[in-house]
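Chemist: One structure, pasted below without further comment.
The values are calculated or read from the model by the stated rules, or taken from the named source; none is laboratory data. Note that the structure is a prediction, hence the values are computed from the model and not measured. So basically every Cβ, Gly included, is an ideal-geometry build from the backbone, and we count neighbours across all protein chains shown. With ligands, DNA and RNA removed, areas are computed over all heavy atoms of the protein, side chains included. Shrake-Rupley method; radii C 1.70, N 1.55, O 1.52, S 1.80 Å.
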Amino acid sequence: MNDIDSSLLQAGKFGVGQSVHRKEDPKLVRGNGRYTDDLHFDGELFAHVLRSPVAAGRVRAFDVEAARSAPGVAGIYTAFDFVAAGYGGPYCKLPLTNRDGTKLHGEVRPGFGDGTVRHVGTPLAVAVAATASEARDAAELIDVDIESTPAVTDMTAALARGAPLVSAAYPGNVGLDYAFGDEAAVDAAFADAAHVTTVRLVQNRLVVASLEPRAAIAEYDTAREQFTLHLGCQGAFNLRNTLAKDVLHVPPENLRVLTYDVGGSFGMKIGSYPEYVAILHAARALGRPVRWTDDRSDSFLSDDQGRDSQYEARLALDADGNFLAIKVDVLGSLGAYMTFVGPMIPSLNIRKNVPGPYKTPLLHVRSRSVLTHTVPVGPYRGAGRPEGVYVMERLIDAAARETGRDPIALRRQNLIAPGAMPFKAASDLAYDSGDFPQVFDRTLELADDGGYASRKAASEARGKCRGRAIAAYLEVTADSVPEMGAIHFEADGRITMVTGTSDYGQGHASTFAQILVDRLGLPFDRIDLVQKDSDRLIAGGGSGGSRSVMNSSMALLAAADEVEMRAKRWAAHVLEAPEADLVFDDGAFSIVGTDRKITLLDVAKRAREEAPTGDLSERAGVALAVVGGAGHHRDAAVG
């Protein structure tokens, strides 16, 4: 990291583009981070989840007598207990359509479990005890009578006639049969092509294995009828809404979600999980806090996994090497349940990302999202975006080998020229700008592509192998969602930003602070960030899909506009000048043509001191903006 300019340090101005030391790092590198498992509450109990050792079947009966009488046990709850409690469950709400025109059906996944076994690791029961070891010992005493049934774990086998059915909601084990593009036009382009390249690719299934396993602690306030859930996640607001509305069936204000430092996620920790329902239920039933921390081995069976897709992809070229059309047939695993974005990964995200920066005129994608008796597949590290890029780049390399062309020249030849902007891609997306050839050539220059041959020869002379990989990609981020931005001027002179995105290592506190340094001239070292308390949020899509800065920055900038407007009224009052005579620059209001000025921080201080009963102080000290997906926003005072 570059040294920070001393003049900037003195002024406290670390705006966008400045190299700054991240606010979050000192406590983390010193071991002072606060993760969920670091929290402890008086009277807390420990939970351990019993999981299925078989992949498919149905629980006929539970025998819990031995477990209930085990040392330290406070409660034993089975899947049947959760069904009797009337809990709902999360489900996929994506507005996707099957190729026959029918809408995607998002099957409700039981909040904890209903006794149906769909994969090894399916939660069956939970033991709650005074210590973690006592809870584990009790769970192992639960006797479960499972009627096993045939299972299918391979996608191709799951599509075969007569294959075991994972869910009656999805005949043939197909959760979504998606198609995009004019197949007849694409087929005609292939028929006329001078050369057709075909590749078959496999993206293997991945276990996320974040540095910090999932953990959660539940509390219940009987007098207020309010749940509180402490956990590591990617967005407190959305998770609260899902758990409250879809699972617990309580008003959202009856559930508070709090998250702290998060040790890795990249998609896996964003959604609802059965363990959260189990400990929330137990906390209410027992009147004591209940905590659960996943074992590393159990996380292989409990956490949503990534990838697991297969591709047959074809690229048509004319005699000069110009791309004519792409055709991709995808099988994407959903696992045992359709997660909230499961079917989008192998369908919509493949379609959007395969064409990349290339001027390919035609595209057809057929994608089947397949259920199998395996751990559910959820979003992880791009969720279909890198897979789409991988398909295209492998096609180009294969086409270059088969036609005797240079893979760099073949790519450069087919890049969209800047003069073609705006460009309507084969994915149906509009590219508004970009100079892809310049970026491509500059990257090759920085990588010293011209010296590659000599480096390769030198390696071979030493008995070593040297290779290179080239990819030109254009990533499509997740869609914009309503996002909150609020700015509070505190009594101690500090500034608090509030937004609904929730980082798990990205450095939001520093990034968002730099935006306010630029816009309002506020001192970098006085700006704090609140993002992980659902009670302080009115919107928030959470972190995911590489959209955090785009969403939150627009919301914070809209709030900053509100701050300037309100503060200008107070500045006019303090400076005894008309608002029209004031200008705002570098964090201060000044009267045009004079040296009289007042800083924004001083305006906030005066407003707090002079406003009667705190009413005007709050209105001057807080600005809120909610920015929607279309870029519109609304402003409101916060009381």
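Chemist: Using DSSP to call loops (not H, G, I, E or B), can you name the GluC sites (Glu not before Pro) in the range 462-516 whose Cβ has at most 15 other Cβ atoms within 10 angstrom?
Modeler: Answer in residue order: E475, E490.
Chemist: Let me have the relative contact order for the range 476-612, percent, based on Cα pairs under 8 Å that are six or more residues apart.
Modeler: Computed over the range 476-612, the figure is 28 percent.
Chemist: Here is a follow-up. Full-extension gain between A130 and R596, please, as 0.36 nm times their residue separation minus the C-alpha to C-alpha distance.
Modeler: Here the answer is 161.2 nm.
Chemist: What is the sum of charges around V202, taking Lys and Arg as +1, Asp and Glu as -1, for the other residues whose C-beta is under 14 Å from the C-beta of V202?
Modeler: Cβ neighbours under 14 Å give a net charge of -1.
Chemist: Let me ask another. Tally up the carbon and sulfur contribution to the accessible surface of the chain as a whole percent, 1.4 Å probe, everything protein left in place.
Modeler: On the way: 14060 of 27880 Å².
Of all accessible area on the chain, carbon and sulfur atoms account for 50 percent.
Chemist: Net charge near A313: determine it from the other residues with C-beta under 13 Å of the C-beta of A313, scoring Lys and Arg +1 and Asp and Glu -1.
Modeler: For residues surrounding A313, the net value is +1.
Chemist: Please enumerate, by chain and number, the aspartates and glutamates with C-alpha under 15 Å from the C-alpha of K456, excluding those fewer than 8 residues away in the same chain.
Modeler: D448
Chemist: How would the range 415-493 be classified by its alpha-carbon gyration tensor: rounded, prolate or oblate, with rounded meaning a/c under 1.5 and the a/b versus b/c comparison settling the rest?
Modeler: The shape class here is oblate.
Chemist: Here's something else I'd like to know. Once you keep just the Cα pairs under 8 angstrom separated by 6 or more residues, what percentage relative contact order results for the range 268-396?
Modeler: Computed value for the range 268-396: 29 percent relative contact order.
Chemist: Which of the trypsin sites (Lys or Arg not before Pro) found in the range 198-287 are in a DSSP loop and have at most 10 neighbouring Cβ atoms, other than their own, within 10 Å? The partial results should precede the final answer.
Modeler: Working: sites: R200, R205, R214, R224, R240, K245, R256, K269, R284; in loops: R214, R224, K269.
Counting only loop positions with at most 10 other Cβ atoms within 10 Å, the trypsin sites (Lys or Arg not before Pro) in the range 198-287 are R224.
Chemist: Still on this model: To check you understand DSSP bridge types, tell me what percent of the beta bridges within the chain (both residues inside) are antiparallel, rounded to 5.
Modeler: 80
Chemist: When you count, for each residue, the other Cβ atoms within 10 Å and take the mean per peptide, how do 362-371, 113-122 rank with the highest first?
Modeler: So the peptides 362-371, 113-122, ranked by packing, come out 362-371, 113-122.
Chemist: Please list E65, E44 from largest to smallest accessible area, probe radius 1.4 Å, with all protein chains kept in place.
Modeler: Sorted descending by solvent-accessible area, the residues read E65, E44.
Chemist: Please state the shape class of the range 376-433: rounded when a/c is under 1.5, otherwise prolate if a/b exceeds b/c and oblate if not, all from the C-alpha gyration tensor.
Modeler: oblate
Chemist: Need the list of lysines near K352 for cross-linking: C-alpha distance under 28 angstrom, and skip anything on the same chain fewer than eight residues off.
Modeler: Cα-Cα hits under 28 Å: K93, K103, K269, K327, K424.
Chemist: Under a Cβ-Cβ cut-off of 12 Å, what is the net charge of the residues other than G264 that fall near it, where Lys and Arg count +1 and Asp and Glu count -1?
Modeler: Here the count lands on -1.
Chemist: Can you give the calculated 222 nm mean residue ellipticity of the chain, where each DSSP H run of n ≥ 4 adds -39,500 (n - 2.57) and the sum is split over every residue, rounded to the nearest 500 deg cm²/dmol?
Modeler: Using -39500 (n - 2.57) per qualifying helix, the result is -8500 deg cm²/dmol.
Chemist: Let me know the shape class of the range 24-134, please: from the alpha-carbon gyration tensor, a ≥ b ≥ c as square roots of the eigenvalues, rounded when a/c is under 1.5, otherwise prolate if a/b is greater than b/c, or oblate.
Modeler: The shape class here is oblate.
Chemist: From the P(r) of the chain, could you give the percentage of C-alpha pairs in the tail past 31 Å?
Modeler: 61
Chemist: Determine the per residue accessible area of the chain with all protein chains present and a 1.4 angstrom probe, expressed in square angstrom.
Modeler: For the chain, the per-residue accessible area is 44 Å².
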